[in-house]
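Some notes on the structure that comes next.
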Amino acid sequence: MTDLQAIVDEIHGKLQSRLGEGKVADYIPQLAHVDPKRFGMAVVTVDGQVHKAGDCDEPFSIQSISKVFTLTLALGKHGETTWNRVGKEPSGSAFNSIVQLEHEEGKPRNPFINAGAIAVSDLVLAGHTPAEAIGEIVRFVRYLAEDETIAIDPAVAKSEEATGYRNFALANFMRSFGKLSHPVEHVLGVYFHHCAIAMTCSQLARSGLFLAANGRNPMTGHTVVSSQRARRINALMLTCGHYDGSGDFAYRVGLPGKSGVGGGILAVAPGKASIAVWSPGLNHNGNSLIGSLALEMFADMTGWSVFGH
Ligand code: GLN
């Protein structure tokens with residue numbers, strides 16, 4: 001049997017000398033204060049074993065990883081009609097790019113680039129006030145992680161709102177094509193707040209476990225989504241979860257994954273485990289540099305790439 005704790009410890013040890021590489025996101029001022037030398041990793045297996053290393057119990061800003069949870073909620077509310085508003089194709093562009101939106105008449109390529117996640121926030125808002133929609137998202141993440149302490153960091157949400165010029169541009173552009181049903185301020189209020197959820201690697205790995213276990217949370221026995229939906233969310237994470245670095249991540253790691261500019265990555269080894277890593281220094285695509293390396297080592301050592309050993 002694979003000794004996962006030994007693997008996690010070895011990765012932590014081997015990466016010590018490289019901590020601090022990459023560039024911490026500073027376009028959201030509140031994120032620029034984070035110590036670039038942080039590293040945490042947590043693996044939760046489908047049979048409930050937990051393996052951890054480093055700063056795995058320190059909360060960080062999950063940022064775009066939250067887009068997995070909002071997509072899951074939007075699919076629950078709107079089913080396949082979600083795809084009338086957002087595509088399922090990799091974008092090949094940066095996470096905050098506006099270029100494709102004009103050609104594609106305000107329909108974003110996929111739910112994980114910012115434009116797509118803004119469209120998803122609009123869908124989650126249906127029938128709600130922004131405060132209710134934000135509450136629903138936080139409750140959903142708490143339910144997945146079985147942890148009532150998970151919360152939004154209000155300083156990060158405020159910081160994003162104050163400096164979110166590009167996200168305002170994206171949302172206004174979509175609204176001009178009639179592709180948002182709610183006022184831009186409401187949609188972005190939901191978007192900025194879900195991006196500002198703070199979680200630890202341990203909490204994040206638990207909250208992603210349903211994706212590794214055919215839609216069911218094996219810790220609680222709750223069915224979160226159907227196995228077909230879990231499979232499809234994994235497919236989107238694999239093809240679109242790292243923006244214009246998705247091909248490289250698939251090549252090196254070979255697991256569905258979703259990154260955030262806070263330096264976190266949630267990865268899914270279907271049938272085996274959910275893995276969360278955090279290290280704030282980013283590569284040029286805005287994905288955690290050391291986090292990607294940790295997952296590459298992990299996939300190599302476990303042989304868990306979905307593409308074979
Ligand atoms: N909240 C961030 C933004 O809108 C999310 C980006 C990310 O994590 N890639 O820019």
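Every number in this text was worked out from the coordinates using simple rules, so none of it is lab data. Since we're looking at a predicted model, the values are computed, not measured. Positions of Cβ are generated from backbone atoms using ideal geometry, with glycine treated the same way; all protein chains shown enter the neighbour counts.
Quick look at the numbers
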| read-out | value |
| --- | --- |
| Residue that is farthest from the ligand (Cβ to nearest atom), among those in the stretch 136-154 that are surrounded by 14 or more Cβ atoms within 10 Å (Cβ to Cβ) and over 19 Å from Ser202 (Cβ atoms) | Glu136 |
| Selected residue (only one of Gly271, Gly257 is away from the ligand (no atom under 12 Å from the Cβ) and surrounded by fewer than 24 Cβ atoms within 10 Å (Cβ to Cβ)) | Gly271 |
| Options Ser176, Ser121, Ser181: the member that is touching a Phe, Trp or Tyr at 6+ places or on another chain (Cβ under 9 Å) and of a type in the set (Ser, Thr, Tyr) | Ser121 |
| In the stretch 62-86, the residues that are out of contact with any strand residue (DSSP E or B) (no Cβ under 9 Å at 6 or more places or on another chain) and under 26 Å from Ala196 (Cβ atoms) | Thr70, Leu71, Thr72, Leu73, Ala74, Leu75, Gly76, Lys77, His78, Thr82, Arg85, Val86 |
| Test: residue in the stretch 197-215 that is surrounded by fewer than 24 Cβ atoms within 10 Å (Cβ to Cβ), within 16 Å of the ligand (Cβ to nearest atom), aliphatic (A, V, I, L, M) and closer than 26 Å to Val8 by Cβ | yes |
| Every pair of residues 6+ apart whose Cβ atoms lie under 8 Å, when the first sits in the stretch 71-97 and is farther than 25 Å from Asn287 by Cβ while the second is part of a loop (DSSP other than H, G, I, E, B) and more than 16 Å from the ligand (Cβ to nearest atom) | Gly76/Val225; Lys77/Ala126; His78/Ala126; Arg85/Lys107; Arg85/Lys179 |
